[in-house]
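Accompanying notes for the structure given below.
FYI, it's all coordinate maths here, none of it is from the lab. In this text the structure is predicted, and so the values were computed from the model without any measurement. Reconstructed Cβ throughout: ideal geometry from the backbone, glycine too, with neighbour counts over all protein chains shown.
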Amino acid sequence: MNHSNISCPKKFLLTKNNKLRNKQVLVTGGAGFIGSEVVRQLHSLGAKIIVFDNYSSGRKRYINKIPNLVQVKGSVSSPSKVNDVVSKSDYIINLASLPFIPDSFYYPGEFFRVNAEGSINVAMAAIRSKRIKGFVHISTSEVYGTAKTVPMSENHPTLPQSTYAASKLAGERAIFTLHKEHGLPAVIIRPFNSYGPRITQPYIIPEIISQIFHNKNFVKLGNVESSRDFTFVSDTARGIISGLTEDKAIGETINVGSNTSYKMKYLVKEIAKILKQNVEIKIDKKRFRPYDVQKLVCDYKKAKKILNWTPKVSIDEGLTKTVNWMQNNSPDFATPFEGWAKIYRMNL
Ligand SMILES: NC(=O)c1ccc[n+]([C@@H]2O[C@H](COP(=O)([O-])OP(=O)(O)OC[C@H]3O[C@@H](n4cnc5c(N)ncnc54)[C@H](O)[C@@H]3O)[C@@H](O)[C@H]2O)c1
């Protein structure tokens, strides 16, 4: 198993300034799926990194070979522990979250405690510390709900369709008002669906891949007609870090997505092609999510204008990399589906 490849697109290294070199960057949720890619890219930029994570889904092994990185175990729900790590930092990327939508159907209060109140704890510690130069808060495209118009710019109405999305909207709006009220140098990034190596949650792409590994010629899925805008995780992470280094982004809310939307049934076809397998889709009614979002398509013009960000990795390349990673690593969520409520993996 190799969880530790340190990679960062060369172009990014060459074109980005060295603002983060030798700076202390705190990454909450840095042991998670997106976080473990963010810290790799931060390392390539010469930053010193503190990862603050409670390892509810993040994995120490995803980041333990990265130099100049300190791991601190703790929860964003604990203001004293948060104060401690924030007081040692120059920049913050706030990724810590409960992110898996079906878990939020059954644990709504916990989702608000982590995704809304936890984010406020990090922001208030940053305001009190008076030394934070940049604060990127990670929201989500799910705050929009299903597309009313496409592509979806940052001005699309926000009509969350899950308690997860409602908790993320509460979190990002609190960060925005704290920016206005106290001058917190905050940037809000709304990533659309991200995928790639070092998976931590049974999101749709790893779920399809692991079902094909297990069942060979069929997958059981719910709403295969719904579509999402997928971005490879190295692109998502590059967008997040660009938000940290670009002064013009402060006070802005910025989408990071690919402007292409794929139906779940298309993903099955593409992954089956990569694995050279004939795969039938069996519809499993238990897997339909209540009040599901039907379609998301990102308009990333603002990211291009302010962050000079565009996605680089095609869906074919990204899916192949994800399949390869899963062939060599076994994410530990890959248990048989037993209904949404049983999936919640909090192990504090
Ligand atoms: N993956 C996506 O497609 C996607 C899309 C949009 C937004 N996001 C957002 O990106 C962020 C990262 O998501 P991810 O997909 O990498 O999921 P993830 O579960 O891998 O990452 C979340 C991290 O936060 C940590 N964490 C959870 N609760 C915590 C707490 N109370 N205190 C400290 N750490 C805690 C987890 O252990 C994990 O390392 C989240 O904010 C999520 O809402 C993800």
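Relative protection proxy for 233-239, 30-36, 244-250, from highest mean packing down: 30-36, 233-239, 244-250 (other beta-carbon atoms within 10 angstrom). Estimated purely from DSSP H runs of n ≥ 4, each contributing -39500 (n - 2.57), the mean residue ellipticity at 222 nm for the chain is -10000 deg cm²/dmol once divided by its residues. Once the Cβ-Cβ distance of residue 292 and residue 177 is raised to the sixth power relative to R0 = 30 Å, the FRET efficiency obtained is 0.50. Treating r as the C-beta distance of residue 129 and residue 305 and R0 as 41 Å, the FRET efficiency rounds to 0.85. The length gained by stretching the chain between residue 106 and residue 218 to full extension, at 0.36 nm per residue less their Cα-Cα distance, is 37.4 nm.
Volume of the convex hull of the chain (Cα atoms only), normalised per residue: 117 Å³.
For segment 181-320, the direction-averaged projected area of the alpha-carbon convex hull comes to 9.8 nm².
Charge tally for residue 226 (other residues, Cβ to Cβ under 10 Å; Lys, Arg +1; Asp, Glu -1): +3. For 90, 292, the sequence from fewest to most other C-beta atoms within 10 Å is 292, 90.
Sorting the segments 277-284, 181-188 by their mean number of nearby beta carbons within 10 angstrom, highest to lowest, gives 181-188, 277-284. DSSP beta bridges fully contained in the chain are about 5 percent antiparallel.
Under a no-solvent Debye model with one identical scatterer per Cα of segment 165-230, what's log10 I(q)/I(0) at q = 0.13 Å⁻¹? After summing over all Cα pairs, the log10 values are -0.58. Take every Cα pair under 8 Å whose residues are at least 6 apart in sequence, average their separation, divide by the length of the chain, and the relative contact order is 19 percent.
Annotation: aspartates and glutamates with alpha-carbon distance below 18 angstrom to residue 273 (same-chain offsets under eight excluded): 207, 316, 317.
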